[in-house]
Amino acid sequence: MSAELLTVQEHFDITGRGLVLLPDFDVPNGWRNRSELVLVVTPDGTEHEFAARFELIHFNIRDPNVGVNRRWRVSVSLPSASKAAVPVGSKLLCESELKMALAGGHHA
């Protein structure tokens, strides 16, 4: 795992999904949901490997001025992780191929 994908800005425990991380990503053309192993490096240098899900999700935003790119996002979730294991400020590393696939959209 050599590519730094994101630095955790916020996280939420969501029943059935696990720990959902922000930022999320614009949807690249031809995106297909996938699961990958990722390496989390916490601010104190501790490393944990987790299975991660990268899934297309829809946000039900009532404001009609919000564009489609904010309504549909690729979300990153760690089904087996806890907030304590992945504190805000942690870095998520992945294979460079995954980072390139997500780069078809842009970081939010």
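The values are calculated or read from the model by the stated rules, or taken from the named source; none is laboratory data. Just so it is clear, the model here is predicted, and its values are computed rather than measured. Please note: Cβ atoms are built from the backbone with ideal geometry, for glycine as well, and neighbour counts cover all protein chains shown. Side chains included, ligands, DNA and RNA excluded: accessible areas come from the protein's heavy atoms. Shrake-Rupley method; radii C 1.70, N 1.55, O 1.52, S 1.80 Å.
In the stretch 66-95, the residues that are among the aromatic types (Phe, Trp, Tyr) form Cβ pairs under 7 Å with partners that are in a loop (DSSP other than H, G, I, E, B) and surrounded by 14 or more Cβ atoms within 10 Å (Cβ to Cβ), at six or more places apart or across chains, as follows: 72/27.
For the stretch 66-102, which positions are touching a helix residue (DSSP H, G or I) at 6+ places or on another chain (Cβ under 7 Å) and open to solvent by 50 Å² or more (accessible area, probe 1.4 Å)?
none
If only residues of the stretch 13-37 that are over 21 Å from residue 70 (Cα atoms) and of a type in the set (S, T, N, Q) are counted, the one that is surrounded by the most Cβ atoms within 10 Å (Cβ to Cβ) is 35. Residues that are at pLDDT 90 or above, within 17 Å of residue 16 (Cβ to Cβ), in a loop (DSSP other than H, G, I, E, B) and under 12 Å from the mean Cα position of the chain (by Cα) do occur in the stretch 65-80, at least one of them. Only residues that are farther than 17 Å from residue 70 by Cβ and out of contact with any Pro (no Cβ under 8 Å at 6 or more places or on another chain) were counted across the stretch 1-11, and they come to 7. Applying the set (1) touching a Gly at 6+ places or on another chain (Cβ under 6 Å); (2) farther than 15 Å from residue 37 by Cα to residue 90 leaves exactly one unmet item: (1). Restricting attention to the stretch 47-65 and to residues that are touching a residue at least 12 places away in the same chain (Cβ under 8 Å) and among the aliphatic types (A, V, I, L, M), the residue that is least open to solvent (accessible area, probe 1.4 Å) turns out to be 52.
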